[in-house]
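Novice: My questions will all concern the structure given below.
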Amino acid sequence: MAVKPFHYKKFQLGDEITEEQMKFFTKYGFLHFAEVLTKDYVNSIIESYNNATKMLIESGKTEINGIPLFFGKDDKGEPMIHRFPFFSQYSKPMHEFISGPRVKPLLKLLEGYKLRIGEDEKDGTVFNHYYNTKGSKFKKMGWHTDSIRDLFYDGKVLPMLNIGVYLDDSSAINGGLRVLPGTHNQKLFQLLFKKAYFMNAREDKNEALVIARAGDLVVHHGHLWHRVGESPYQGEKSRRRIMYTPAICGKLDQKNVKSKTPLYHKLRPITKDWF
Ligand SMILES: O=C(O)CCC(=O)C(=O)O
Ligand SMILES: [Fe+2]
């Protein structure tokens with residue numbers, strides 16, 4: 001299917017959200033800020049991921065604060081963690097960035113709500129690492145909204161943001177994020193049933209491909225429908241590393257080593273073609 005390209009403006013992240021940025025976010029449910037992190041800073045985060053991955057694999061840990069780790073291997077047989085929750089607790093540079101002043105203006109994007117960065121709540125900062133090999137189980141992600149997790153966690157849906165920080169250039173070459181602009185304004189029924197959660201990874205004629213560079217930041221509303229495409233390539237060309245940190249409101253719910261695995265994550269293994 002030929003998808004009509006959705007060209008959109010990329011912004012600069014300043015000390016405050018501008019009126020134009022606010023208007024864009026309110027209409028489309030996402031905002032793309034270019035060059036928020038330098039190449040060196042991106043590399044320091046990647047290095048901290050590599051070190052933490054090695055350490056966690058050696059320690060035999062299979063979950064952090066009740067949230068499972070997803071393991072895989074690259075085409076050289078090197079182990080990797082495809083989904084690494086609470087990553088900022090293991091990465092000094094990511095912790096310093098996500099708890100620092102640069103991201104504070106984003107907390108104003110949902111008018112009327114007092115948002116906070118959820119480094120220790122829900123799944124914390126999640127490091128996603130997509131990579132295609134023959135046996136890879138983390139190549140793409142089907143259509144979903146992030147708010148659905150709240151239904152599992154709290155039984156209610158509060159507005160939230162997910163703050164994405166790119167560590168690799170991202171486009172259709174390595175899959176790429178696809179969003180359905182404006183769907184964050186939908187009714188609860190649409191949030192629940194617009195598409196089959198995660199099972200459906202099909203292209204949508206209204207989807208917009210987010211083309212980003214390493215160091216960019218793309219924030220989206222928790223109610224926005226999105227998916228991640230599958231890279232047509234194997235190996236290095238398919239590698240895509242991106243971190244998401246939730247900005248949330250409502251009751252504080254910090255996780256710790258005693259936290260139980262939520263039903264949401266228990267269901268994952270029995271769902272065929274989840275990714
Ligand atoms: O990899 C991405 O860009 C999106 C990941 C995502 O949607 C998620 O982890 O909920
Ligand atoms: Fe998501």
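A short reminder: the numbers here are calculations on the coordinates, not readings from a lab. In this text the structure is predicted, and so the values were computed from the model without any measurement. We place every Cβ from the backbone using ideal geometry, glycine too, and count neighbours over all the protein chains shown.
Novice: For region 159-272, what does the alpha-carbon gyration tensor say about shape, rounded, prolate or oblate, given a ≥ b ≥ c as the root eigenvalues, a/c under 1.5 as rounded, and a/b over b/c as prolate?
Specialist: Verdict is rounded for region 159-272.
Novice: Given region 1-113, report the % of alpha carbon pairs whose separation exceeds 22 Å.
Specialist: 53
Novice: Here is a follow-up. Once the piece of chain linking residue 75 and residue 39 is laid out straight, how much longer is it, given 0.36 nm per residue of separation minus the C-alpha distance between them?
Specialist: Full extension of this stretch gives 10.4 nm more.
Novice: Tell me whether region 19-71 comes out rounded, prolate or oblate; compute the Cα gyration tensor, take square roots of the eigenvalues as a ≥ b ≥ c, and use a/c under 1.5 as the rounded threshold.
Specialist: oblate
Novice: Given R₀ = 51 Å, what would the calculated FRET efficiency be for residue 173 paired with residue 251, taking r from the Cβ atoms and rounding to 0.05?
Specialist: 0.80
Novice: OK, next. Please identify every one of the GluC sites (Glu not before Pro) in region 94-123 that sits in a loop by DSSP and has no more than 12 other beta carbons within 10 Å of its own beta carbon.
Specialist: Here the sparse-neighbourhood loop sites are 111.
Novice: Magnitude of the Cβ-charge dipole of the chain, K/R +1 and D/E -1, about the Cα centre, nearest 20 debye?
Specialist: Dipole size: approximately 820 debye.
Novice: Test of understanding: in a Gaussian network model of the chain with alpha carbons linked when under 10 Å, which of 101, 232, 93 would top the mean-square fluctuation ranking?
Specialist: Top of the fluctuation ranking is 101.
Novice: Given 20 °C and 1.002 mPa s, compute D for region 28-175 with the Stokes-Einstein relation, Rh being the Kirkwood radius over Cα pairs; round to the nearest whole µm²/s.
Specialist: Diffusion coefficient, whole number: 126 µm²/s.
Novice: If you average over every viewing direction, what projected area does the convex hull of the Cα atoms of the chain give, in nm²?
Specialist: Taking the Cα atoms of the chain, their convex hull projects to 13.8 nm² on average.
Novice: Hey, another quick one. Gaussian network model of the chain, Cα springs within a sub-10 Å range: biggest mean-square fluctuation belongs to which of 239, 202, 227?
Specialist: It is 202.
Novice: Post the alpha-carbon centroid distance, region 221-266 to region 106-142, in whole angstrom.
Specialist: Each part reduced to its Cα centre gives a spacing of 3 Å.
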